[in-house]
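Note sheet for the following structure.
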């Protein structure tokens with residue numbers, strides 16, 4: 001399965017095709033909101049432009065026992081000049097509060113920090129998103145004074 005093919009099927013509303021490509025169930029109505037849909041659209045565009053950057057993009061959290069998607073952990077592209085990558089996560093409402101975001105983000109964070117071109121991993125978290133703040137804290141990330149937009153702060157962790 002190609003990640004781009006899967007994302008295209010999801011964004012086209014081809015639910016059954018996306019599930020067949022993935023080999024797991026996808027929650028009805030996923031992605032749930034406009035920001036999530038926009039994020040997947042940006043990821044798809046980037047993957048089509050640079051297919052070899054797949055490792056720097058979307059990872060799905062699939063509950064093996066149930067063969068279904070529980071959310072995503074995603075990097076927003078390869079490291080730039082500042083040797084930094086941005087990490088994000090999203091968990092289906094019915095699966096929240098079980099540590100899935102922490103577990104998935106920790107695995108991707110560890111991988112990212114072992115990559116030679118990465119010095120720092122950041123996360124952009126809205127001020128009101130206390131669950132994501134807790135995830136960032138569990139990951140050992142520190143809140144910075146840097147704001148993005150009007151609603152959030154950037155959290156970061158640097159390679160030891």
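The values are calculated or read from the model by the stated rules, or taken from the named source; none is laboratory data. These figures come from a predicted structure and were not determined experimentally. Note: ideal-geometry Cβ built from the backbone for every residue, glycine included; neighbour counts use all protein chains shown.
Of everything in the range 40-64, what is under 15 Å from the mean Cα position of the chain (by Cα), at pLDDT below 90 and part of a helix (DSSP H, G or I)? Give them in sequence order.
53, 54, 55
Taking residue 124 as meeting all but one of (1) within 20 Å of residue 3 (Cβ to Cβ); (2) under 13 Å from the mean Cα position of the chain (by Cα), write down the number of the exception.
(1)
Answer yes or no as to whether residue 8 is surrounded by 15 or more Cβ atoms within 10 Å (Cβ to Cβ), more than 26 Å from residue 113 (Cβ to Cβ), out of contact with any helix residue (DSSP H, G or I) (no Cβ under 8 Å at 6 or more places or on another chain) and touching a residue at least 24 places away in the same chain (Cβ under 8 Å).
Working: surrounded by 15 or more Cβ atoms within 10 Å (Cβ to Cβ): yes; more than 26 Å from residue 113 (Cβ to Cβ): yes; out of contact with any helix residue (DSSP H, G or I) (no Cβ under 8 Å at 6 or more places or on another chain): no; touching a residue at least 24 places away in the same chain (Cβ under 8 Å): yes.
Criteria not met by residue 8.
If you scan the range 129-157, which residues turn out to be surrounded by fewer than 18 Cβ atoms within 10 Å (Cβ to Cβ), touching a strand residue (DSSP E or B) at 6+ places or on another chain (Cβ under 9 Å) and assigned to a loop (DSSP other than H, G, I, E, B)?
Residues satisfying the conditions are 129, 140, 149, 151.
Return the total of residues in the range 65-96 being assigned to a loop (DSSP other than H, G, I, E, B) and in contact with a strand residue (DSSP E or B) (Cβ under 9 Å, 6 or more places away or on another chain). So that I can check it myself, show each step before the final result.
The initial filter retains those residues of the range 65-96 that are assigned to a loop (DSSP other than H, G, I, E, B), namely 65-67, 76-83, 92, 96.
This time we only want the ones that are in contact with a strand residue (DSSP E or B) (Cβ under 9 Å, 6 or more places away or on another chain), so: 66-67, 76-79, 82-83, 92, 96.
Going through the range 65-96 one residue at a time, the tally reaches 10.
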